[in-house]
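The values are calculated or read from the model by the stated rules, or taken from the named source; none is laboratory data. Computed from a predicted structure; not experimentally measured. Cβ placement follows ideal geometry from the backbone for every residue including glycine, while neighbour counts extend to all protein chains displayed.
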Amino acid sequence: MSVVYPDNRGRYGDYGGQFVPETLMAPLKEIQDALDEAMKDESFQEEYRNELEHYSGRPTALTYADQLTKTLGGAQIYLKREDLNHTGAHKLNNAIGQALLAKRMGKKKIIAETGAGQHGVASATVAAKLGLECKVFMGEKDIERQQLNVFRMQLLGAEVISVSSGDKTLKDATNEAIRYWVAHCDDHYYLIGSVVGPHPYPKMVRDFQRVIGDETKRQFKEKEGGLPDRIYACVGGGSNAIGMFYPFLEDDVELVGVEAAGKGIDTPDHAATLLNGTQGIIHGSMTYLIQDDHGQIVEPYSISAGLDYPGIGPEHAYLHSSGRVRYESITDAEALEAVKTLSQAEGIIPAIESAHAIAQAVKEAKQMDPSETIVINVSGRGDKDMNTIMEQFQEG
Amino acid sequence: MTQMVEQTRFQKRLKREKDLFIPFIMGGDPTPEATVEIAYTMQQSGADVLELGVPYSDPLADGPTIQEAAGRALAQGMNLTEAMKLVPKMRERGVTIPVVLFTYYNPVLRYGLEAFAKAMEENDVDGLLIPDIPLEESEDIRGFTEQYGVELISLVAPNSEERIKRIAEQAKGFLYCVSSLGVTGERKDMNPDIASFLEKVKQYSQVPVAVGFGISSYEQVKLVQGHSDGVIIGSKIIKLIDAHREALSNEGTRAGALQELQSEVEQLVKGNE
């Protein structure tokens with residue numbers, strides 16, 4: 001792979017970097033050094049692959065969506081089944097990688113932030129598996145909304161710390177996790193859940209998620225020969241999308257990232273960071289974010305808790321500015337419709353996050369020729385969303 | 001003829017280089033009008049430099065006390081533009097010490113780097129402290145602060161190690177030493193290794209070395225003064241101010257509250273002498 005960013009300052013063009021207090025420079029350097037060394041070590045790579053295969057259940061399937069393809073009458077549709085991972089989403093790929101790194105660094109305690117609880121559950125899971133102590137920071141509002149996941153984390157032995165600062169959601173949980181980490185970095189490892197944060201996190205999370213794209217490439221070649229014409233993935237922080245896109249960046253494949261338009265991109269209630277945000281800094285990284293005229297960060301909105309983040313990974317900001325990836329947006333209503341469509345056509349209930357990618361793909365597949373092929377990344381399964389979906393369909 | 005290096009506004013206004021007392025106040029907390037009076041009171045209490053905080057929605061380096069103060073100030077409509085406008089009012093009131101603006105980087109980027117540096121000059125701001133840019137990311141803003149005569153204050157931490165030399169050698173105004181790892185806010189005990197850390201910093205610094213984070217009692221002030229050139233007190237000052245919130249907010253009761261605040265601050269930095 002000759003895509004050689006980030007540079008040594010952690011920059012992807014104008015984006016990325018390390019916009020953090022001086023106190024974090026040393027722990028970030030410690031992680032950077034440990035990561036560089038681990039990635040060169042075949043035994044670490046072997047350990048990581050081994051856990052992915054025998055613990056998470058990889059490779060995940062690439063499923064041909066027979067009924068959906070027929071119904072739409074356009075492009076041939078394949079689904080990359082990240083929903084089949086242990087704990088039900090792509091999040092575990094990264095949690096395994098980083099927890100192994102933490103252990104290698106001699107850190108026995110990990111910290112994680114979580115919004116909906118998916119990354120918190122993945123972190124708690126891998127902490128249990130590797131015998132690490134785990135603290136998960138979660139906004140007070142999210143704790144109320146996601147009680148089942150709070151209980152899952154506690155059952156797995158993690159401590160869930162309620163965050164009541166700021167807007168009491170994911171961005172504040174992330175702030176609080178970072179604040180805690182600053183004071184406890186000597187024996188704690190901060191396991192960040194997406195391709196966000198200061199360098200080297202965006203790169204590290206990408207490298208632990210690229211298995212999605214690497215597998216897809218291989219599987220697609222086996223089934224169809226060659227490469228798909230288009231690939232779709234949803235984007236919040238953007239880890240499933242980067243994981244899927246990265247191995248295809250230099251190929252002749254159209255890549256489509258789908259943001260959450262919430263109640264509509266022309267309303268204040270959206271989470272479409274690239275399409276509707278502006279350049280700035282969030283959680284240590286220069287990227288795009290949703291902010292007001294004075295540079296205060298504004299709470300985003302999406303029905304999908306996993307896309308409800310005011311920033312986006314710096315690499316996405318770069319891929320947006322370079323035009324290599326096309327970014328689109330899907331509303332709550334369109335995503336819910338896509339949940340129903342995929343459930344009934346293929347017997348797969350996707351997470352509402354993933355349904356954003358599905359909705360965009362469904363729109364476009366119809367216009368494509370049956371000789372063309374697309375892959376949709378189904379980043380997670382919908383079990384966690386049953387309450388939300390039930391309420392919406394009852395209201396509708 | 002010998003060419004003299006022209007002194008910056010900060011240098012002209014700084015009256016001494018030892019035993020500095022640098023209080024932090026949050027612009028707009030409890031009200032913008034009160035902030036101007038509080039600034040003057042701090043000077044009367046012996047402040048040598050004033051740190052004026054600009055509230056931010058996501059203050060990553062701050063503990064609960066300053067987070068809450070920022071929340072109150074934002075609710076008062078305070079922002080970067082308005083905070084700078086407080087400084088000429090402070091000058092009018094009689095504040096002659098250097099004023100350092102404390103702001104996170106995102107509002108600065110939003111304002112525009114050069115426009116912001118220019119506005120600082122126009123509003124008679126002497127220094128700038130941005131807690132979320134380390135040396136490596138400070139080049140862009142540094143060019144403009146130098147152009148407009150504003151001292152960009154650097155921070156150094158106990159875990160900066162081999163970075164200490166690089167940071168200290170280019171420090172301007174004063175060098176902000178973070179007493180111990182963590183966010184701003186009171187700490188019961190001072191970092192026991194602080195003396196050796198400060199020795200190392202002083203070895204490289206051309207400007208006064210001041211210590212902040214967690215200083216909240218006269219004993220701590222004395223301890224830290226013994227190893228450095230000054231103390232920065234934030235959360236404790238915010239708490240003292242907040243205890244008079246009601247009285248400071250109303251013009252009728254403000255003067256009395258300011259008087260009490262002055263004696264409390266004097267007690268904190270000078271003890272019972």
A:A102 meets each of (1) without any contact (Cβ under 8 Å) to a residue 24 or more places away in the chain; (2) part of a helix (DSSP H, G or I) with one exception, condition (1)
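If you take the residues in the stretch A:12-48 that are in contact (Cβ under 8 Å) with a residue 24 or more places away in the chain and of a type in the set (S, T, Y), which one is nearest to the other protein chains (Cβ to nearest Cβ)?
A:T23
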Positions within the stretch B:20-70 being within 15 Å of the chain's Cα centre (by Cα), farther than 22 Å from A:G166 by Cβ and acidic (D, E), in sequence order: B:D48, B:E51
Among the residues of the stretch A:201-215, are any out of contact with any helix residue (DSSP H, G or I) (no Cβ under 7 Å at 6 or more places or on another chain), assigned by TED's automatic domain parsing to the domain that holds A:A357 and in a loop (DSSP other than H, G, I, E, B)? no
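From the list A:V258, A:V196, which one is in contact with a His (Cβ under 7 Å, 6 or more places away or on another chain), buried (at least 23 other Cβ atoms within 10 Å of the Cβ) and either free of Cβ contacts under 8 Å to residues at least 60 places away in the same chain or in the same structural domain as A:H316 (by TED's automatic domain parsing) (or both)?
A:V258
Residue by residue, here is whether (1) basic (K, R); (2) within 15 Å of A:R58 (Cβ to Cβ); (3) outside the structural domain of A:D308 (by TED's automatic domain parsing); (4) crowded, with 19+ Cβ neighbours inside 10 Å holds:
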{"residue": "A:A75", "(1), (2), (3), (4)": "no, no, no, yes"}
{"residue": "A:Q98", "(1), (2), (3), (4)": "no, no, yes, yes"}
{"residue": "A:L101", "(1), (2), (3), (4)": "no, no, yes, yes"}
{"residue": "A:G120", "(1), (2), (3), (4)": "no, no, yes, yes"}
{"residue": "A:E133", "(1), (2), (3), (4)": "no, no, yes, no"}
{"residue": "A:G139", "(1), (2), (3), (4)": "no, no, yes, yes"}
{"residue": "A:I143", "(1), (2), (3), (4)": "no, no, yes, yes"}
Filter the stretch B:155-214 for residues that are closer than 26 Å to A:N175 by Cβ, touching a helix residue (DSSP H, G or I) at 6+ places or on another chain (Cβ under 7 Å) and basic (K, R) and give the result. B:R163
Condition (residue is more than 15 Å from B:P32 (Cβ to Cβ), surrounded by fewer than 19 Cβ atoms within 10 Å (Cβ to Cβ) and touching a residue at least 40 places away in the same chain (Cβ under 8 Å)) applied to the stretch B:74-94: is it met by at least one residue? yes
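From the list A:K135, A:K109, A:K129, A:K103, which residue is modelled with pLDDT of 95 or more, more than 14 Å from chain B (Cβ to nearest Cβ) and in contact with a His (Cβ under 6 Å, 6 or more places away or on another chain)? Give the derivation first.
Working: A:K135 fails: in contact with a His (Cβ under 6 Å, 6 or more places away or on another chain); A:K129 fails: in contact with a His (Cβ under 6 Å, 6 or more places away or on another chain); A:K103 fails: in contact with a His (Cβ under 6 Å, 6 or more places away or on another chain).
Checking each option against the conditions leaves just A:K109.
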Just give me the residues in the stretch B:110-142 being of a type outside the set (D, E), surrounded by 14 or more Cβ atoms within 10 Å (Cβ to Cβ) and away from chain A (no Cβ under 11 Å), in sequence order. B:L113, B:A117, B:K118, B:A119, B:M120, B:N123, B:V125, B:G127, B:L128, B:L129, B:I141, B:R142
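Test A:A177 against the criterion of being facing chain B (nearest Cβ under 10 Å), of a type in the set (A, V, I, L, M), assigned to a helix (DSSP H, G or I) and out of contact with any helix residue (DSSP H, G or I) (no Cβ under 7 Å at 6 or more places or on another chain), and give yes or no.
no
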Residue check, A:Q67 against (1) more than 14 Å from chain B (Cβ to nearest Cβ); (2) buried (at least 18 other Cβ atoms within 10 Å of the Cβ); (3) touching an Asp or Glu at 6+ places or on another chain (Cβ under 7 Å), all met but one. Which one? (2)
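Report yes if A:Y48 is closer than 21 Å to A:A351 by Cβ and aromatic (F, W, Y), otherwise no. Give the derivation first.
Numbers: closer than 21 Å to A:A351 by Cβ: no; aromatic (F, W, Y): yes.
Here the answer is no, as A:Y48 does not meet what is asked.
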Filter the stretch A:298-317 down to residues that are surrounded by fewer than 24 Cβ atoms within 10 Å (Cβ to Cβ) and either more than 21 Å from A:A357 (Cα to Cα) or small (G, A, S) (or both) and give me whichever is modelled with the lowest pLDDT. A:E299
Would you confirm whether any residue within the stretch B:33-40 is surrounded by 24 or more Cβ atoms within 10 Å (Cβ to Cβ), away from every other protein chain (no Cβ under 12 Å) and of a type in the set (S, T, Y)? yes
Apart from one, (1) in contact (Cβ under 8 Å) with a residue 40 or more places away in the chain; (2) buried (at least 24 other Cβ atoms within 10 Å of the Cβ); (3) away from chain B (no Cβ under 14 Å) all hold for A:K171; the odd one out is (3)
Need pairs with beta-carbon distance below 7 Å; first residue within 19 Å of B:P32 (Cα to Cα) and within the stretch B:227-247, second at pLDDT below 95 and of a type in the set (D, E, K, R); sequence gap 6+ or separate chains. B:S235/B:E186
Pairs returned, first residue in the stretch A:222-242 that is of a type in the set (K, R), second residue that is surrounded by fewer than 24 Cβ atoms within 10 Å (Cβ to Cβ) and not in a helix (DSSP H, G or I), beta-carbon separation under 6 angstrom, 6 or more apart or interchain, are A:R230/A:E254
For the stretch B:1-20, which residues satisfy the criterion of being among the acidic types (D, E) and either at pLDDT 85 or above or closer than 26 Å to B:V224 by Cβ (or both)? B:E17, B:D19
Could you grab me the full set of residues in the stretch A:248-283 that are within 14 Å of another protein chain (Cβ to nearest Cβ) and aliphatic (A, V, I, L, M)? A:I281, A:I282
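With respect to B:G226, is the statement that it is buried (at least 22 other Cβ atoms within 10 Å of the Cβ) and of a type outside the set (A, V, I, L, M) true? Spell out the reasoning first.
Numbers: buried (at least 22 other Cβ atoms within 10 Å of the Cβ): no; of a type outside the set (A, V, I, L, M): yes.
It is false that B:G226 is buried (at least 22 other Cβ atoms within 10 Å of the Cβ) and of a type outside the set (A, V, I, L, M).
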What is the one condition in (1) touching a Leu at 6+ places or on another chain (Cβ under 9 Å); (2) assigned to a loop (DSSP other than H, G, I, E, B); (3) surrounded by fewer than 24 Cβ atoms within 10 Å (Cβ to Cβ) that A:G236 does not satisfy? (3)
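Would you be able to say whether some residue in the stretch B:1-21 is within 14 Å of another protein chain (Cβ to nearest Cβ), touching a Pro at 6+ places or on another chain (Cβ under 8 Å) and farther than 24 Å from A:H283 by Cα?
Of all residues in the stretch B:1-21, those within 14 Å of another protein chain (Cβ to nearest Cβ) come to none.
No, because not a single residue in the stretch B:1-21 is within 14 Å of another protein chain (Cβ to nearest Cβ), touching a Pro at 6+ places or on another chain (Cβ under 8 Å) and farther than 24 Å from A:H283 by Cα.
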